[in-house]
Amino acid sequence: MNILVTGGAGFIGSHTVVALVEAGYQPVILDNFSNSEKSVLVGINQITGRTIPCYEGDCNEATLVRSILEKESIQGVIHFAAYKAVGESMEQPLKYYRNNLGSLLVLLEEMEKVGIHQLIFSSSCTVYGEPEHLPVTEQTPVQKAMSVYGNTKQIGEEILRDVVAAQTPFKIIALRYFNPVGAHPSALIGELPRGVPNNLIPFVTQTAAGIRKELTVFGSDYATADGSCIRDYIHVMDLAEAHVAALHKLGQLQERSFYDEVNVGTGVGNSVLEIVESFQEISKVPLPYKIGDRRSGDIPQIYADVQKSEAFLGWKASRSLKDSLQDAWRWQQKLAARS
Ligand code: WQD
């Protein structure tokens, strides 16, 4: 089955392409490389032993999207392509609404024209805002987005829900990711943050590698056991395999049209200070850090209720936090060796 993976050269996209090949699918990548590098394709091809077709271009280009859908006989789509920097989204809202929502609309319109109706949408736990109860289930109320980025995910879900409610024959699953971390164990692909990393794990590994002077823990006065924020860190290969499980599920559905959301996490919350401690244990490398001020927009804690992903997708995360940190560190050391 030929699957179009938009943003397939990105962090989660590239690992999902590997998981798709391992599951017997034939992925095709569309990526504009605005947040990735061509070296990722080399890594994917080395891991899979195949040359994965890749089109360089933008999902907002309807003619390009249409030609790929037809030329590659696409039967399903996984849509990763989007900007995802929370802070940048607040500074450049139009760029984010145009790109993240525009690309989704173009994709849906061109899929409809060609008669392709299976779609996996990349959503985020950020739609829950600061939840009242934990762990969060898919019924946890969606709250007003705390960022433009988060709003593009919420509006994206609403667009998909409305399209299916109109009885168009789309079958769609929106996967609400928690915090993707780690790298493929081969260290041939992994996270490639641009500039100073916003996210915790790449900042940790760059600090351990001596690229950053020290980690700042953004706040230790939260109402958590050790005062630092808690998140649900999921290995990117587990996340990739969840996409394969969701695609398989779409193929089994008897409904003419279908839409649903599924949390994709481990169900376990870890604090920033626990990450610091665990990383030093697995890497045997001291991690210089200091406690700094809270980061605006951060919520104290969030982690997933994973019952629905297990029951509906028949999937559950199998890799531990230790696996994630070991693979992230191995990837960072490989990057350092490359540069
Ligand atoms: C995790 C924790 C920080 C860096 C974001 C997006 C979310 C999703 C995943 C796209 C927080 C703390 C971080 C540092 C720190 N992105 N931290 N020092 O904010 O949970 O989620 O990335 O889908 O939408 O919001 O992830 O890795 O930035 O932060 O103390 O140098 O680590 O305060 O508590 P976050 P993160």
Could you grab the relative contact order for segment 201-339? Cα pairs under 8 Å, six or more apart, rounded to a whole percent.
40 percent
Most packed first (mean Cβ within 10 Å per residue), the peptides 109-116, 167-174 order as 167-174, 109-116
Positive-pole candidate from SER220, GLN307, TYR259, dipole of segment 198-309, charges at beta carbon:
SER220
Hey, can you rank 312-322, 86-96, 68-78 by average C-beta count inside 10 Å, highest first?
68-78, 312-322, 86-96
Restricting to Cα pairs under 8 Å and 6 or more apart, the percent relative contact order of the chain works out to 20 percent
Cross-link candidates for LYS171: which aspartates and glutamates have Cα within less than 16 Å, leaving aside residues fewer than 8 places away along the same chain?
GLU109, GLU110, GLU112, GLU157, GLU158, ASP162, GLU255, ASP260, GLU261
Protection-proxy order for peptides 9-21, 137-149, 120-132, each taking the mean of Cβ atoms within 10 Å per residue, highest first
9-21, 120-132, 137-149
Looking at the chain only, what percent of DSSP beta bridges run antiparallel? Nearest 5 please.
5 percent
Give, rounded to the nearest 20 debye, the magnitude of the charge dipole that the chain has about its Cα centre when Lys and Arg contribute +1 at Cβ and Asp and Glu contribute -1 at Cβ.
660 debye
Measure up LYS113/LYS316; LYS84/LYS213; LYS84/LYS284; LYS95/LYS322 against 28 Å on the Cα-Cα distance and list the ones that go over.
LYS113/LYS316; LYS84/LYS284; LYS95/LYS322
Taking the Cα atoms of the chain, what is the range of coordinates along each of the three principal axes, in descending order and whole Å?
54, 44, 38
Among residues other than LEU30 whose Cβ falls under 9 Å from its Cβ, what is the net charge (Lys/Arg +1, Asp/Glu -1)?
-3
Phi-derived 3J(HN,Hα) across segment 292-300 with the Karplus relation (6.51, -1.76, 1.60, θ = phi - 60°), rounded Hz, x for Gly and Pro, is x, 5, 4, 8, 5, x, 6, 9, x
Once the principal axes of the Cα atoms of segment 217-333 are found, what is the range along each, listed largest first in whole angstroms?
54, 32, 20
So for segment 176-279, averaging the separation of alpha carbon pairs under 8 Å that are six or more residues apart and normalising by length, what relative contact order in percent results?
37 percent
Residue-normalised 222 nm signal for the chain, counting each DSSP H run of n ≥ 4 as -39,500 (n - 2.57), nearest 500 deg cm²/dmol, is -12500 deg cm²/dmol
Could you give the Stokes-Einstein D for segment 76-125 in µm² per second, using the C-alpha Kirkwood radius, 37 °C, 0.692 mPa s?
276 µm²/s
In degrees from 0 to 90, rounded to the nearest 10, what is the angle of the helix 102-114 Cα long axis to the longest principal axis of the chain?
30 degrees
A student applying the Cα gyration tensor rule (rounded when a/c is under 1.5; otherwise prolate if a/b is larger than b/c, oblate if not) would label segment 268-339 oblate
Once you list every other residue whose beta carbon is under 13 Å from the beta carbon of LEU107, what net charge do they have if Lys and Arg are +1 and Asp and Glu are -1?
-3
Prolate/oblate/rounded call for segment 11-87, Cα gyration tensor, a/c under 1.5 rounded:
oblate
As a footprinting exposure proxy, order ASP327, ASP58 by other Cβ within 10 Å, with the fewest listed first.
ASP58, ASP327
If Lys and Arg each add +1 and Asp and Glu each add -1, what is the summed charge of the other residues whose beta carbon sits under 14 Å from the beta carbon of VAL77?
-3
With 10 angstrom as the radius, rank HIS248, HIS79 by how many other C-beta atoms surround their C-beta, starting from the fewest.
HIS248, HIS79
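The numbers here are math on the coordinates, done by the rules we state, and not lab data. Everything numeric in this text was worked out from a predicted model, so none of it was measured. When we count neighbours, we look across all protein chains shown, and the Cβ atoms used for this are built from the backbone with ideal geometry, even at glycine.
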